Amino acid sequence: MTRIFVEGRDKEFIEVYLSHLYKNDWMGKIRVISTGGYTALYSKTAILNQLTDSIKSGGKNIVIFDADFKENGGSYEQRKLFLEQKLGSVGFSGVDMFLFPNQSEDGDFETLIERVANPLHTRLFSCFKKYENCIKSYNEPKYKTPNRKNMLHSYLFTFVKSEEEEKKFKVSFLYENPEYWDLNATALNPLKEFLNRVLTCLLYTSPSPRD
């Protein structure tokens, strides 16, 4: 069994994107594992056991985490080096790794997802940013600045949905719906190229995954 380790909030997206790229061909061969944060990858016994099991079963381990920002102790180069060193120290050198948003910039999952929103509706993000800046302008310790996951939730909340979608929205970001998200966005090309490189041999001898 091959495992893709993610931080958590991105698990649903990765599963939907795998189905977008490979239909159902990945199911039963790949499992997406939520670690609960990047430090758990090298410190949590349950995660280490799963890393070991992937190797023992003839599968591979793939890590898809945030690069993060210098302001919160990250950055693409720093986080990549840090994780490589930590994984090496617990016996997992050479793990295939992708860092959001695009394997080169500082940023995170939300950075990428904002770029994947349907272009017809990206103007909605400017409304949220005005709200965020307004709260920041008060500089009051009793006020909390909304995080960027809240921005994505607010983006989806804005749409009038069917009763079925409203129920699903309670537990899902509805990534499979092209009205909200463009899974063919150029911003996803680095992730697509990475997944095709590390998964094609596992999933296919022939044919190749669809473009």
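The values are calculated or read from the model by the stated rules, or taken from the named source; none is laboratory data. Computed from a predicted model, the values in this text were never measured in an experiment. Reconstructed Cβ throughout: ideal geometry from the backbone, glycine too, with neighbour counts over all protein chains shown. When the accessible area is computed, the model is the full protein with side chains, heavy atoms only, and any ligands, DNA or RNA have been set aside. Shrake-Rupley method; radii C 1.70, N 1.55, O 1.52, S 1.80 Å.
Annotations for the structure displayed:
- Extension gain, GLN103 to LYS29: 0.36 nm times the residue separation minus the Cα-Cα distance gives 24.2 nm.
- Accessible surface ranking for VAL16, VAL171, VAL90, 1.4 angstrom probe, highest first: VAL171, VAL90, VAL16.
- Anisotropy class of segment 40-128 from Cα gyration tensor, a/c 1.5 cut: prolate
- For the chain, fraction of C-alpha pairs farther apart than 33 Å, in %: 19
- Heavy-atom surface of segment 1-118, accessible at 1.4 Å and reported per residue (Å²): 42
- Stretching ASN189 away from TYR204 to a fully extended chain increases their span by 3.4 nm, per 0.36 nm per residue minus the current alpha-carbon distance.
- Approximate spin-label separation PHE157-ASP182, in nm, with each point projected 7 Å along Cα-to-Cβ: 2.6
- Per residue, segment 138-211 exposes 68 Å² of solvent-accessible protein surface, assessed with a 1.4 angstrom probe and all protein chains in place.
- Sequence-separation-based contact order of segment 69-131, relative, with Cα cut under 8 Å and 6+ spacing, percent: 27
- Overall, the anisotropy analysis places segment 88-166 in the oblate class: the square-rooted eigenvalues a ≥ b ≥ c of its C-alpha gyration tensor yield a/c not less than 1.5, with a/b not exceeding b/c.
- Within the accessible area of segment 1-137 (1.4 Å probe), percent carbon and sulfur: 51
- With all protein chains modelled, accessible area of HIS20 [1.4 Å, Å²]: 40
- LEU120 versus LYS136: modelled label distance in nm, points set 7 Å from Cα along the beta carbon direction: 3.1
- The alpha carbon gyration tensor of segment 1-64 gives principal lengths a ≥ b ≥ c with a/c of 1.5 or higher and a/b no greater than b/c, which makes the shape oblate.
- Pairwise label distance in nanometres, TYR143 with ASP53, each label 7 Å out on the Cα-Cβ vector: 4.7
- Relative contact order (%) - criterion: Cα under 8 Å, at least six apart; region: segment 107-211: 37
- Whole-Hz ³J(HN,Hα) from phi, Karplus 6.51 cos²θ - 1.76 cosθ + 1.60, for segment 51-62, glycine and proline x: 4, 5, 5, 4, 5, 4, 8, x, x, 9, 10, 10
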